[in-house]
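Asker: First, the structure itself, so that you have it in front of you.
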Amino acid sequence: MSGTAGGAARRAGLETWLALVLALFGVLSVHQLGSQTFGADFYQFWAVGEASGRRELRDVYAAEETARLGRTLLQRAQAEAAARPSPESARRLEAAKARREIETYSTPFLYTVFGAAASGDYARDFERFQLASLVAHVLGPLAFARVLRMGWAIALMSVFLFTMAAGPFLDDVGVGNVNRLQVGALGMVAWLLAPRRGRWSDAAAGLVLALAVAFKPNLAFAAASLGLAWGATGRVARLASAAAGGAAGAALALLSSWAWFGSLAPWGAWLGKLGGLMQGWRTDLGNLSLARVLLDRFGIDVASGLAPLLLALVLAAWLALRFRTRGDARECGPRGDALALALGAAASVLSTKLGWTHYYLLIAPLALVLFASPSRIERALAVVLTVLTFTDLAAKVFPGFTPHLPLVIVLGALALFALGLAGVLRVGCETESDAAR
(Lines give C-alpha, C1' and ligand atoms only; values in the text may rest on other atoms or scores of the structure.)
Protein backbone atom coordinates (compact mmCIF):
# COMPACT_ATOMS: atom_id res chain seq x y z
CA MET A 1 0.00 0.00 0.00
CA SER A 2 2.76 2.45 0.94
CA GLY A 3 4.59 1.71 -2.32
CA THR A 4 1.43 2.39 -4.32
CA ALA A 5 0.82 5.63 -2.43
CA GLY A 6 4.43 6.67 -2.93
CA GLY A 7 4.20 6.01 -6.68
CA ALA A 8 1.01 8.06 -6.93
CA ALA A 9 2.65 10.92 -5.04
CA ARG A 10 5.67 10.85 -7.36
CA ARG A 11 3.41 10.87 -10.44
CA ALA A 12 1.42 13.78 -9.00
CA GLY A 13 4.65 15.64 -8.28
CA LEU A 14 5.93 15.01 -11.82
CA GLU A 15 2.62 16.21 -13.30
CA THR A 16 2.81 19.38 -11.25
CA TRP A 17 6.37 20.14 -12.37
CA LEU A 18 5.50 19.51 -16.03
CA ALA A 19 2.44 21.77 -15.68
CA LEU A 20 4.63 24.45 -14.10
CA VAL A 21 7.08 24.28 -17.01
CA LEU A 22 4.21 24.63 -19.51
CA ALA A 23 2.68 27.51 -17.55
CA LEU A 24 6.00 29.36 -17.37
CA PHE A 25 6.60 28.75 -21.07
CA GLY A 26 3.17 30.15 -21.89
CA VAL A 27 3.55 33.18 -19.63
CA LEU A 28 7.04 34.09 -20.88
CA SER A 29 6.00 33.62 -24.50
CA VAL A 30 2.99 35.92 -24.25
CA HIS A 31 5.00 38.48 -22.28
CA GLN A 32 7.43 38.65 -25.17
CA LEU A 33 4.51 38.98 -27.59
CA GLY A 34 3.13 41.87 -25.54
CA SER A 35 6.39 43.78 -25.96
CA GLN A 36 6.10 43.52 -29.74
CA THR A 37 2.68 45.14 -30.16
CA PHE A 38 1.74 48.83 -30.07
CA GLY A 39 -1.62 48.58 -28.25
CA ALA A 40 -4.32 50.27 -30.31
CA ASP A 41 -6.85 50.17 -27.45
CA PHE A 42 -4.36 50.96 -24.71
CA TYR A 43 -3.26 54.05 -26.63
CA GLN A 44 -6.75 55.52 -26.38
CA PHE A 45 -7.02 54.86 -22.64
CA TRP A 46 -3.53 56.27 -22.07
CA ALA A 47 -3.99 59.32 -24.32
CA VAL A 48 -7.26 60.44 -22.73
CA GLY A 49 -6.11 59.70 -19.18
CA GLU A 50 -2.86 61.63 -19.54
CA ALA A 51 -4.41 64.54 -21.47
CA SER A 52 -7.17 64.93 -18.90
CA GLY A 53 -4.54 65.00 -16.14
CA ARG A 54 -2.77 67.83 -17.97
CA ARG A 55 -6.14 69.59 -18.47
CA GLU A 56 -5.73 69.46 -22.25
CA LEU A 57 -9.32 68.30 -22.67
CA ARG A 58 -12.31 70.37 -21.64
CA ASP A 59 -14.71 67.50 -22.33
CA VAL A 60 -13.27 64.03 -22.90
CA TYR A 61 -16.54 62.89 -24.50
CA ALA A 62 -16.84 65.72 -27.05
CA ALA A 63 -16.02 64.57 -30.60
CA GLU A 64 -14.30 67.83 -31.56
CA GLU A 65 -12.11 67.68 -28.46
CA THR A 66 -10.98 64.09 -28.99
CA ALA A 67 -10.41 64.73 -32.73
CA ARG A 68 -8.14 67.63 -31.82
CA LEU A 69 -6.35 65.44 -29.27
CA GLY A 70 -5.76 62.74 -31.89
CA ARG A 71 -4.17 65.24 -34.27
CA THR A 72 -2.05 66.82 -31.53
CA LEU A 73 -0.73 63.49 -30.27
CA LEU A 74 0.08 62.34 -33.79
CA GLN A 75 2.14 65.48 -34.37
CA ARG A 76 3.98 64.94 -31.08
CA ALA A 77 4.68 61.31 -31.95
CA GLN A 78 5.99 62.28 -35.38
CA ALA A 79 8.25 64.94 -33.86
CA GLU A 80 9.57 62.52 -31.24
CA ALA A 81 10.23 59.80 -33.84
CA ALA A 82 12.14 62.33 -36.00
CA ALA A 83 14.17 63.77 -33.12
CA ARG A 84 14.92 60.50 -31.29
CA PRO A 85 14.47 57.49 -33.60
CA SER A 86 14.07 54.31 -31.55
CA PRO A 87 11.81 51.25 -31.28
CA GLU A 88 9.96 53.02 -28.46
CA SER A 89 9.22 56.20 -30.44
CA ALA A 90 8.29 54.07 -33.47
CA ARG A 91 5.79 52.16 -31.32
CA ARG A 92 4.13 55.35 -30.16
CA LEU A 93 4.00 56.68 -33.73
CA GLU A 94 2.41 53.46 -34.96
CA ALA A 95 -0.26 53.71 -32.27
CA ALA A 96 -0.90 57.39 -33.02
CA LYS A 97 -1.33 56.63 -36.72
CA ALA A 98 -3.75 53.80 -35.96
CA ARG A 99 -5.77 56.05 -33.65
CA ARG A 100 -5.85 59.36 -35.49
CA GLU A 101 -9.38 59.76 -34.13
CA ILE A 102 -9.64 59.03 -30.42
CA GLU A 103 -12.85 57.27 -29.37
CA THR A 104 -14.05 57.82 -25.80
CA TYR A 105 -16.68 55.40 -24.55
CA SER A 106 -14.95 54.27 -21.35
CA THR A 107 -15.87 55.51 -17.89
CA PRO A 108 -14.29 58.53 -16.19
CA PHE A 109 -12.94 56.13 -13.55
CA LEU A 110 -11.05 54.10 -16.18
CA TYR A 111 -9.47 57.29 -17.52
CA THR A 112 -8.66 58.31 -13.96
CA VAL A 113 -6.80 55.06 -13.33
CA PHE A 114 -4.88 55.21 -16.62
CA GLY A 115 -4.11 58.90 -16.18
CA ALA A 116 -2.86 58.46 -12.61
CA ALA A 117 -0.61 55.58 -13.72
CA ALA A 118 0.82 57.42 -16.75
CA SER A 119 4.41 58.65 -16.68
CA GLY A 120 4.29 60.48 -20.02
CA ASP A 121 6.48 57.85 -21.70
CA TYR A 122 4.13 55.80 -23.88
CA ALA A 123 6.40 52.80 -24.43
CA ARG A 124 7.28 52.54 -20.72
CA ASP A 125 3.64 52.86 -19.66
CA PHE A 126 2.54 50.26 -22.19
CA GLU A 127 5.18 47.79 -20.96
CA ARG A 128 4.02 48.30 -17.38
CA PHE A 129 0.41 47.84 -18.39
CA GLN A 130 1.17 44.61 -20.25
CA LEU A 131 3.08 43.24 -17.29
CA ALA A 132 0.36 44.21 -14.79
CA SER A 133 -2.31 42.70 -17.05
CA LEU A 134 -0.36 39.46 -17.40
CA VAL A 135 0.14 39.15 -13.64
CA ALA A 136 -3.54 39.86 -12.99
CA HIS A 137 -4.64 37.31 -15.57
CA VAL A 138 -2.36 34.60 -14.18
CA LEU A 139 -3.41 35.26 -10.58
CA GLY A 140 -7.11 35.31 -11.53
CA PRO A 141 -7.32 31.69 -12.76
CA LEU A 142 -4.99 30.57 -9.96
CA ALA A 143 -7.30 32.20 -7.41
CA PHE A 144 -10.32 30.43 -8.90
CA ALA A 145 -8.40 27.15 -9.00
CA ARG A 146 -7.38 27.34 -5.36
CA VAL A 147 -10.85 28.44 -4.21
CA LEU A 148 -12.26 25.44 -6.07
CA ARG A 149 -9.60 23.20 -4.47
CA MET A 150 -8.09 22.11 -7.75
CA GLY A 151 -4.74 20.38 -7.68
CA TRP A 152 -1.71 22.47 -8.62
CA ALA A 153 -1.20 20.48 -11.83
CA ILE A 154 -4.68 21.34 -13.14
CA ALA A 155 -4.39 24.94 -11.93
CA LEU A 156 -1.08 25.46 -13.75
CA MET A 157 -2.36 23.75 -16.89
CA SER A 158 -5.28 26.19 -16.80
CA VAL A 159 -2.80 29.07 -16.78
CA PHE A 160 -1.23 27.65 -19.95
CA LEU A 161 -4.62 27.07 -21.59
CA PHE A 162 -5.87 30.58 -20.91
CA THR A 163 -2.67 32.34 -21.97
CA MET A 164 -0.62 31.03 -24.86
CA ALA A 165 -3.31 28.66 -26.14
CA ALA A 166 -6.23 31.11 -25.92
CA GLY A 167 -7.15 33.28 -28.89
CA PRO A 168 -9.10 35.83 -26.76
CA PHE A 169 -6.08 36.27 -24.49
CA LEU A 170 -3.70 36.82 -27.41
CA ASP A 171 -6.14 39.32 -28.92
CA ASP A 172 -6.33 41.22 -25.62
CA VAL A 173 -2.53 41.33 -25.52
CA GLY A 174 -2.35 42.57 -29.09
CA VAL A 175 -4.82 45.45 -28.74
CA GLY A 176 -3.97 46.25 -25.12
CA ASN A 177 -7.49 46.03 -23.73
CA VAL A 178 -8.50 45.36 -20.13
CA ASN A 179 -10.12 41.92 -20.13
CA ARG A 180 -7.06 40.36 -18.51
CA LEU A 181 -7.39 42.84 -15.64
CA GLN A 182 -11.08 41.92 -15.36
CA VAL A 183 -10.29 38.20 -15.03
CA GLY A 184 -7.84 39.10 -12.27
CA ALA A 185 -10.48 41.18 -10.49
CA LEU A 186 -13.00 38.33 -10.66
CA GLY A 187 -10.41 35.96 -9.21
CA MET A 188 -9.79 38.36 -6.32
CA VAL A 189 -13.53 38.60 -5.63
CA ALA A 190 -13.88 34.80 -5.68
CA TRP A 191 -10.97 34.49 -3.24
CA LEU A 192 -12.47 37.08 -0.88
CA LEU A 193 -15.81 35.27 -0.94
CA ALA A 194 -14.25 31.94 0.05
CA PRO A 195 -15.68 30.62 3.36
CA ARG A 196 -14.35 31.27 6.85
CA ARG A 197 -13.04 34.73 6.01
CA GLY A 198 -15.80 36.59 7.84
CA ARG A 199 -18.28 39.30 6.91
CA TRP A 200 -15.45 41.76 6.30
CA SER A 201 -14.43 39.73 3.26
CA ASP A 202 -17.94 39.96 1.79
CA ALA A 203 -17.75 43.74 2.14
CA ALA A 204 -14.24 43.75 0.65
CA ALA A 205 -15.47 41.61 -2.26
CA GLY A 206 -18.31 44.07 -2.83
CA LEU A 207 -15.84 46.96 -2.83
CA VAL A 208 -13.52 45.28 -5.36
CA LEU A 209 -16.45 44.30 -7.57
CA ALA A 210 -17.87 47.84 -7.49
CA LEU A 211 -14.49 49.29 -8.50
CA ALA A 212 -14.28 46.74 -11.32
CA VAL A 213 -17.77 47.72 -12.52
CA ALA A 214 -16.89 51.43 -12.37
CA PHE A 215 -13.74 50.64 -14.37
CA LYS A 216 -15.67 48.74 -17.06
CA PRO A 217 -19.43 48.34 -16.51
CA ASN A 218 -19.88 44.98 -18.26
CA LEU A 219 -18.94 43.30 -14.96
CA ALA A 220 -22.23 44.61 -13.58
CA PHE A 221 -23.55 41.28 -14.88
CA ALA A 222 -21.24 39.43 -12.46
CA ALA A 223 -22.47 41.59 -9.57
CA ALA A 224 -26.10 41.07 -10.61
CA SER A 225 -25.63 37.32 -10.95
CA LEU A 226 -24.04 37.05 -7.50
CA GLY A 227 -26.83 39.15 -6.01
CA LEU A 228 -29.49 36.98 -7.66
CA ALA A 229 -27.81 33.82 -6.38
CA TRP A 230 -27.62 35.08 -2.82
CA GLY A 231 -31.12 36.53 -2.88
CA ALA A 232 -32.65 33.36 -4.31
CA THR A 233 -30.96 31.14 -1.73
CA GLY A 234 -31.72 33.40 1.24
CA ARG A 235 -28.22 34.68 2.00
CA VAL A 236 -29.49 38.13 2.85
CA ALA A 237 -26.86 38.99 5.47
CA ARG A 238 -24.00 38.31 3.04
CA LEU A 239 -25.80 40.29 0.36
CA ALA A 240 -26.14 43.25 2.71
CA SER A 241 -22.44 43.13 3.62
CA ALA A 242 -21.39 42.99 -0.02
CA ALA A 243 -23.80 45.80 -0.89
CA ALA A 244 -22.26 47.99 1.81
CA GLY A 245 -18.81 47.31 0.39
CA GLY A 246 -20.15 47.98 -3.10
CA ALA A 247 -21.49 51.36 -2.01
CA ALA A 248 -18.06 52.22 -0.60
CA GLY A 249 -16.41 51.13 -3.86
CA ALA A 250 -18.80 53.23 -5.93
CA ALA A 251 -18.15 56.23 -3.72
CA LEU A 252 -14.38 55.72 -4.04
CA ALA A 253 -14.64 55.57 -7.84
CA LEU A 254 -16.73 58.74 -7.97
CA LEU A 255 -14.53 60.66 -5.54
CA SER A 256 -11.28 59.69 -7.28
CA SER A 257 -12.63 60.66 -10.71
CA TRP A 258 -13.97 63.91 -9.22
CA ALA A 259 -10.50 64.68 -7.89
CA TRP A 260 -8.91 63.82 -11.26
CA PHE A 261 -11.30 65.76 -13.49
CA GLY A 262 -12.25 68.44 -10.96
CA SER A 263 -15.94 67.68 -11.55
CA LEU A 264 -18.51 64.89 -11.73
CA ALA A 265 -19.77 66.28 -15.06
CA PRO A 266 -17.82 63.65 -17.07
CA TRP A 267 -20.08 60.95 -15.64
CA GLY A 268 -23.14 62.68 -17.06
CA ALA A 269 -21.40 63.12 -20.41
CA TRP A 270 -20.40 59.44 -20.42
CA LEU A 271 -23.98 58.33 -19.71
CA GLY A 272 -25.20 60.55 -22.54
CA LYS A 273 -22.75 58.96 -24.98
CA LEU A 274 -23.60 55.34 -24.22
CA GLY A 275 -26.53 55.30 -26.63
CA GLY A 276 -24.18 55.50 -29.61
CA LEU A 277 -21.77 52.82 -28.42
CA MET A 278 -23.18 49.82 -30.32
CA GLN A 279 -25.13 51.38 -33.17
CA GLY A 280 -23.06 49.59 -35.80
CA TRP A 281 -23.37 46.11 -34.31
CA ARG A 282 -25.27 44.79 -37.35
CA THR A 283 -22.46 45.69 -39.76
CA ASP A 284 -19.18 46.02 -37.85
CA LEU A 285 -16.54 43.63 -39.17
CA GLY A 286 -15.11 41.31 -36.53
CA ASN A 287 -18.23 41.41 -34.36
CA LEU A 288 -18.47 37.99 -32.66
CA SER A 289 -21.54 38.66 -30.56
CA LEU A 290 -24.31 36.10 -30.14
CA ALA A 291 -26.78 38.75 -31.36
CA ARG A 292 -24.80 39.24 -34.58
CA VAL A 293 -24.47 35.51 -35.25
CA LEU A 294 -28.20 34.93 -34.71
CA LEU A 295 -29.00 37.81 -37.05
CA ASP A 296 -26.55 36.80 -39.80
CA ARG A 297 -27.17 33.06 -39.70
CA PHE A 298 -30.87 32.84 -38.90
CA GLY A 299 -32.27 36.33 -39.41
CA ILE A 300 -33.31 36.52 -35.76
CA ASP A 301 -32.96 39.89 -33.99
CA VAL A 302 -33.16 39.32 -30.25
CA ALA A 303 -30.34 41.67 -29.25
CA SER A 304 -32.44 43.81 -26.92
CA GLY A 305 -33.82 40.83 -25.04
CA LEU A 306 -30.64 38.83 -24.46
CA ALA A 307 -29.51 40.54 -21.24
CA PRO A 308 -32.81 40.13 -19.33
CA LEU A 309 -33.24 36.61 -20.70
CA LEU A 310 -29.81 35.43 -19.57
CA LEU A 311 -30.16 36.98 -16.10
CA ALA A 312 -33.65 35.47 -15.80
CA LEU A 313 -32.14 32.05 -16.56
CA VAL A 314 -29.52 32.60 -13.87
CA LEU A 315 -32.23 33.51 -11.35
CA ALA A 316 -34.35 30.52 -12.37
CA ALA A 317 -31.40 28.15 -11.81
CA TRP A 318 -30.80 29.43 -8.28
CA LEU A 319 -34.52 29.39 -7.47
CA ALA A 320 -34.60 25.77 -8.65
CA LEU A 321 -31.74 25.03 -6.26
CA ARG A 322 -33.68 26.74 -3.46
CA PHE A 323 -36.70 24.59 -4.30
CA ARG A 324 -34.54 21.46 -4.30
CA THR A 325 -33.30 22.25 -0.80
CA ARG A 326 -36.90 23.03 0.26
CA GLY A 327 -36.30 26.71 0.75
CA ASP A 328 -33.69 26.12 3.45
CA ALA A 329 -30.43 26.85 1.59
CA ARG A 330 -28.11 29.20 3.46
CA GLU A 331 -24.50 28.61 2.43
CA CYS A 332 -23.43 27.26 -0.95
CA GLY A 333 -19.67 27.32 -0.46
CA PRO A 334 -16.90 28.66 -2.67
CA ARG A 335 -18.04 26.70 -5.73
CA GLY A 336 -21.48 28.34 -5.57
CA ASP A 337 -20.08 31.86 -5.28
CA ALA A 338 -17.49 31.27 -8.01
CA LEU A 339 -20.17 29.81 -10.29
CA ALA A 340 -22.45 32.81 -9.69
CA LEU A 341 -19.67 35.25 -10.61
CA ALA A 342 -18.63 33.20 -13.62
CA LEU A 343 -22.18 32.90 -14.98
CA GLY A 344 -22.56 36.67 -14.74
CA ALA A 345 -19.26 37.28 -16.55
CA ALA A 346 -20.32 34.87 -19.30
CA ALA A 347 -23.73 36.56 -19.56
CA SER A 348 -21.98 39.89 -20.14
CA VAL A 349 -20.23 38.42 -23.19
CA LEU A 350 -23.27 36.61 -24.57
CA SER A 351 -25.65 39.55 -24.17
CA THR A 352 -23.53 42.28 -25.77
CA LYS A 353 -24.51 43.48 -29.25
CA LEU A 354 -20.91 44.21 -30.18
CA GLY A 355 -18.41 41.60 -29.07
CA TRP A 356 -14.74 41.41 -30.03
CA THR A 357 -12.59 38.32 -29.70
CA HIS A 358 -10.92 39.50 -26.49
CA TYR A 359 -14.32 39.80 -24.77
CA TYR A 360 -14.49 35.99 -24.71
CA LEU A 361 -11.69 35.94 -22.18
CA LEU A 362 -14.43 36.54 -19.59
CA ILE A 363 -15.70 33.01 -20.31
CA ALA A 364 -12.51 31.63 -18.68
CA PRO A 365 -13.81 31.78 -15.06
CA LEU A 366 -16.86 29.70 -16.03
CA ALA A 367 -14.67 27.13 -17.76
CA LEU A 368 -12.50 26.89 -14.64
CA VAL A 369 -15.51 26.31 -12.39
CA LEU A 370 -16.74 23.58 -14.73
CA PHE A 371 -13.29 21.97 -14.76
CA ALA A 372 -13.79 21.46 -11.00
CA SER A 373 -17.20 19.85 -11.41
CA PRO A 374 -17.82 16.64 -9.44
CA SER A 375 -19.27 15.14 -12.65
CA ARG A 376 -16.76 13.55 -15.02
CA ILE A 377 -19.10 14.02 -17.97
CA GLU A 378 -19.48 17.72 -17.16
CA ARG A 379 -15.71 18.13 -16.86
CA ALA A 380 -15.12 16.40 -20.21
CA LEU A 381 -17.77 18.50 -21.95
CA ALA A 382 -16.30 21.65 -20.41
CA VAL A 383 -12.84 20.84 -21.78
CA VAL A 384 -14.16 20.19 -25.30
CA LEU A 385 -16.30 23.34 -25.31
CA THR A 386 -13.45 25.44 -23.93
CA VAL A 387 -11.11 24.27 -26.68
CA LEU A 388 -13.74 25.13 -29.30
CA THR A 389 -14.38 28.56 -27.77
CA PHE A 390 -10.80 29.62 -27.05
CA THR A 391 -8.87 28.12 -29.96
CA ASP A 392 -9.21 27.71 -33.73
CA LEU A 393 -8.57 23.97 -33.50
CA ALA A 394 -11.77 23.14 -35.37
CA ALA A 395 -10.64 25.24 -38.35
CA LYS A 396 -7.14 23.74 -38.27
CA VAL A 397 -8.40 20.16 -38.20
CA PHE A 398 -11.22 20.84 -40.68
CA PRO A 399 -10.22 23.77 -42.94
CA GLY A 400 -13.77 23.95 -44.27
CA PHE A 401 -14.84 25.14 -40.81
CA THR A 402 -12.97 28.44 -41.15
CA PRO A 403 -15.98 30.47 -42.40
CA HIS A 404 -18.04 28.97 -39.57
CA LEU A 405 -15.52 29.72 -36.82
CA PRO A 406 -17.54 32.66 -35.37
CA LEU A 407 -20.54 30.34 -35.06
CA VAL A 408 -18.40 27.67 -33.37
CA ILE A 409 -16.98 30.19 -30.86
CA VAL A 410 -20.37 31.68 -29.98
CA LEU A 411 -22.14 28.33 -29.68
CA GLY A 412 -19.27 26.96 -27.59
CA ALA A 413 -19.60 29.88 -25.16
CA LEU A 414 -23.38 29.48 -25.09
CA ALA A 415 -23.06 25.76 -24.38
CA LEU A 416 -20.64 26.50 -21.50
CA PHE A 417 -23.23 28.94 -20.11
CA ALA A 418 -25.94 26.26 -20.34
CA LEU A 419 -23.62 23.75 -18.66
CA GLY A 420 -23.02 26.27 -15.89
CA LEU A 421 -26.76 26.75 -15.37
CA ALA A 422 -27.19 22.98 -15.09
CA GLY A 423 -24.26 22.91 -12.68
CA VAL A 424 -26.09 25.21 -10.27
CA LEU A 425 -28.36 22.31 -9.33
CA ARG A 426 -25.29 20.28 -8.33
CA VAL A 427 -23.93 22.95 -5.99
CA GLY A 428 -23.77 21.54 -2.47
CA CYS A 429 -25.62 24.05 -0.30
CA GLU A 430 -25.62 23.79 3.46
CA THR A 431 -29.02 24.25 5.06
CA GLU A 432 -29.87 25.59 8.50
CA SER A 433 -30.45 22.03 9.72
CA ASP A 434 -27.01 21.00 8.40
CA ALA A 435 -25.38 23.93 10.17
CA ALA A 436 -27.03 22.97 13.45
CA ARG A 437 -25.53 19.47 13.44
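Asker: Of the conditions (1) aromatic (Phe, Trp, Tyr); (2) part of a helix (DSSP H, G or I); (3) more than 30 Å from Gly53 (Cα to Cα), Trp267 clears all except one; give me its number.
Answerer: It fails just one condition, (3).
Asker: Is it true that some residue in region 173-185 is free of Cβ contacts under 8 Å to residues at least 60 places away in the same chain and farther than 16 Å from Gly344 by Cα? Show your work before the answer.
Answerer: Filtering region 173-185 down to residues free of Cβ contacts under 8 Å to residues at least 60 places away in the same chain leaves 181, 184-185.
With farther than 16 Å from Gly344 by Cα added as a condition, the list becomes 181.
Looking through region 173-185, at least one residue is free of Cβ contacts under 8 Å to residues at least 60 places away in the same chain and farther than 16 Å from Gly344 by Cα.
Asker: Report whether or not Gly115 is small (Gly, Ala, Ser) and closer than 27 Å to Val48 by Cβ. Spell out how you get there, then give the answer.
Answerer: Numbers: small (Gly, Ala, Ser): yes; closer than 27 Å to Val48 by Cβ: yes.
So Gly115 fits the description; yes.
Asker: Could you list all residues from region 356-413 that are touching a Pro at 6+ places or on another chain (Cβ under 8 Å), within 19 Å of Leu310 (Cβ to Cβ) and surrounded by fewer than 24 Cβ atoms within 10 Å (Cβ to Cβ)?
Answerer: Tyr359
Asker: Yes or no: Ala317 touching a residue at least 40 places away in the same chain (Cβ under 8 Å) and in contact with a Lys or Arg (Cβ under 6 Å, 6 or more places away or on another chain)?
Answerer: On the way: touching a residue at least 40 places away in the same chain (Cβ under 8 Å): yes; in contact with a Lys or Arg (Cβ under 6 Å, 6 or more places away or on another chain): no.
Here the answer is no, as Ala317 does not meet what is asked.
Asker: If you don't mind, there's one more thing I want to ask. Can you confirm whether region 84-105 contains a residue that is touching a Ser or Thr at 6+ places or on another chain (Cβ under 7 Å), part of a loop (DSSP other than H, G, I, E, B) and polar (S, T, N, Q)?
Answerer: So far as region 84-105 goes, yes, one or more of its residues are touching a Ser or Thr at 6+ places or on another chain (Cβ under 7 Å), part of a loop (DSSP other than H, G, I, E, B) and polar (S, T, N, Q).
For every residue, the table says whether it meets (1) surrounded by 24 or more Cβ atoms within 10 Å (Cβ to Cβ); (2) among the charged types (D, E, K, R); (3) modelled with pLDDT of 95 or more.
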site: Leu156; (1), (2), (3): yes, no, no
site: Met164; (1), (2), (3): no, no, no
site: Gly167; (1), (2), (3): no, no, no
site: Asp172; (1), (2), (3): yes, yes, no
site: Gln182; (1), (2), (3): yes, no, yes
site: Arg199; (1), (2), (3): no, yes, no
site: Leu211; (1), (2), (3): no, no, yes
site: Ala224; (1), (2), (3): no, no, yes
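Asker: Looking at Ala347, is it crowded, with 18+ Cβ neighbours inside 10 Å and either modelled with pLDDT under 85 or out of contact with any Phe, Trp or Tyr (no Cβ under 7 Å at 6 or more places or on another chain) (or both)?
Answerer: Working: crowded, with 18+ Cβ neighbours inside 10 Å: yes; either modelled with pLDDT under 85 or out of contact with any Phe, Trp or Tyr (no Cβ under 7 Å at 6 or more places or on another chain) (or both): no.
For Ala347, the condition - crowded, with 18+ Cβ neighbours inside 10 Å and either modelled with pLDDT under 85 or out of contact with any Phe, Trp or Tyr (no Cβ under 7 Å at 6 or more places or on another chain) (or both) - is not met.
The values are calculated or read from the model by the stated rules, or taken from the named source; none is laboratory data. Keep in mind the model is a prediction, meaning the values are calculated, not measured. Heads up, the Cβs are rebuilt from the backbone with ideal geometry, glycines too, and the neighbour counts pull from every protein chain shown.
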